[in-house]
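Report on one structure; see the data block that follows.
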Amino acid sequence: MKTRILTAVVGVPVILFCIFGPTFMMYLLALVMMVALNYELAHMQGENLTKLFFGCTLFNMVVAYGCYLFVTKELGFIFALINMLMMAEVVFSYPRISLEEMLYLAFMNIYCTWLPLHMISLRALPSGQWLLFAVFVLVWLCDSGAYFSGRLLGRHKMAPLLSPKKTIEGGIGGVLFTILAALIIQHFWQLAPNYGHVCVIGLLVAVGAIVGDLFESYLKRSFGVKDSGKILPGHGGFADRFDSFLLVAPLCFYYFSATLTVA
């Protein structure tokens, strides 16, 4: 527990500095996250293809990241580019990569590169620093609300084969707690054009965080590992710590983009 707290004490100020500090710090944080996620998911896949998978996905990440940074901010184009690179790697490494492994490689490109890029896009929106900060806070509050609700009221298992401790009551508590937190934020700082949009944002964050967390549990169960990695002492790997946020970032980016345009 001490190690977990110490990591959080060091990590939280670093995250805040990346959000509110110079722009290049946000790019650096995204780069570190993408490298760590690529490494962790390649390692979980198996030792026999770890080097190949990490090399392929790292190459894709560098090209996509460089394209995003220097050429375009259109994430749809980046997504198409990543898939093109992945297909090229499968073709030129044939028959070393099977169809099943190719599908996992494609998933890694989406999960480890395309999803984290939305974190930068979210910060690039008007008032993006505060929007990104609010999303981080809401994800954290959702996890906390679900944990305490589950401890107090939890009776029915949500996904017993993936995460035995998570309950339906905890999930409902997390959703309600996140919506309430979003409404409180809206009272002090405009998160969205109106309270209806705020409730939708709270719901998106909560559901995205819960699904993202359970999906990472699915990956670990599938590969028979306890944690995605050991990069963050007391927390496991980057996938363990940011699993909820990875899915929430694109949901919020596209929703904020639409609502800010409407506003």
Response to the item:
The lone condition Pro126 fails out of (1) within 30 Å of Leu28 (Cα to Cα); (2) assigned to a helix (DSSP H, G or I) is (2)
Worksheet item: Taking the stated definitions as given, is Leu105 of a type outside the set (Asp, Glu), in contact (Cβ under 8 Å) with a residue 60 or more places away in the chain and either open to solvent by less than 60 Å² (accessible area, probe 1.4 Å) or not in a helix (DSSP H, G or I) (or both)?
Response: no
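Yes or no, residue by residue, for (1) closer than 29 Å to Ala124 by Cβ; (2) of a type outside the set (Asp, Glu); (3) open to solvent by 20 Å² or more (accessible area, probe 1.4 Å); (4) in contact with a helix residue (DSSP H, G or I) (Cβ under 7 Å, 6 or more places away or on another chain):
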| residue | (1), (2), (3), (4) |
| --- | --- |
| Asn38 | yes, yes, no, yes |
| Ala42 | yes, yes, no, yes |
| Lys51 | no, yes, yes, no |
| Cys56 | yes, yes, no, yes |
| Val62 | yes, yes, yes, no |
| Leu69 | yes, yes, yes, yes |
| Phe77 | yes, yes, yes, no |
| Met84 | yes, yes, yes, no |
| Glu89 | no, no, yes, yes |
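Against the definition (in a loop (DSSP other than H, G, I, E, B) and open to solvent by 70 Å² or more (accessible area, probe 1.4 Å)), how does Arg155 come out, yes or no? Even if it seems obvious, please write down each step before you answer.
On the way: in a loop (DSSP other than H, G, I, E, B): yes; open to solvent by 70 Å² or more (accessible area, probe 1.4 Å): yes.
Spelling it out, Arg155 is indeed in a loop (DSSP other than H, G, I, E, B) and open to solvent by 70 Å² or more (accessible area, probe 1.4 Å).
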Worksheet item: In segment 126-149, is there at least one residue being in contact with a strand residue (DSSP E or B) (Cβ under 9 Å, 6 or more places away or on another chain), open to solvent by less than 40 Å² (accessible area, probe 1.4 Å) and under 28 Å from Leu203 (Cβ atoms)?
Response: yes
Worksheet item: Within segment 226-238, is even one residue open to solvent by less than 10 Å² (accessible area, probe 1.4 Å), part of a loop (DSSP other than H, G, I, E, B), of a type in the set (Ser, Thr, Tyr) and closer than 16 Å to Tyr111 by Cα?
Response: yes
Worksheet item: Can you find a residue in segment 199-211 that is within 15 Å of the chain's Cα centre (by Cα), within 21 Å of Tyr104 (Cα to Cα) and at pLDDT 90 or above?
Response: yes
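Name the residues in segment 213-225 that are assigned to a helix (DSSP H, G or I) and not aromatic (Phe, Trp, Tyr), would you? Lay out the reasoning, then the answer.
Our first condition is that a residue be assigned to a helix (DSSP H, G or I); within segment 213-225, this holds for 213-223.
Asp213, Leu214, Glu216, Ser217, Leu219, Lys220, Arg221, Ser222 - these are the residues of segment 213-225 that are assigned to a helix (DSSP H, G or I) and not aromatic (Phe, Trp, Tyr).
Results for (1) among the aromatic types (Phe, Trp, Tyr); (2) touching a Cys at 6+ places or on another chain (Cβ under 6 Å); (3) assigned to a helix (DSSP H, G or I); (4) closer than 26 Å to Ala239 by Cβ, shown as yes or no for each residue.
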| position | (1), (2), (3), (4) |
| --- | --- |
| Trp140 | yes, no, yes, yes |
| Asp143 | no, no, yes, yes |
| Arg151 | no, no, yes, yes |
| Ile185 | no, no, yes, no |
| Ile201 | no, no, yes, yes |
| Val207 | no, no, yes, yes |
| Val211 | no, no, yes, yes |
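Residue-by-condition table, conditions (1) over 18 Å from Val135 (Cβ atoms); (2) in contact with an Asp or Glu (Cβ under 8 Å, 6 or more places away or on another chain):
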| position | (1), (2) |
| --- | --- |
| Glu169 | yes, no |
| Asn194 | yes, no |
| Asp213 | no, yes |
| Lys220 | yes, yes |
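The values are calculated or read from the model by the stated rules, or taken from the named source; none is laboratory data. Values in this document were obtained by computation on a predicted structure and should not be read as measured data. Don't worry about glycine lacking a Cβ; one is built from the backbone with ideal geometry, like all the others, and counts go over all protein chains shown. Surface areas here come from the heavy atoms of the whole protein model, side chains and all, with no ligands, DNA or RNA. Shrake-Rupley method; radii C 1.70, N 1.55, O 1.52, S 1.80 Å.
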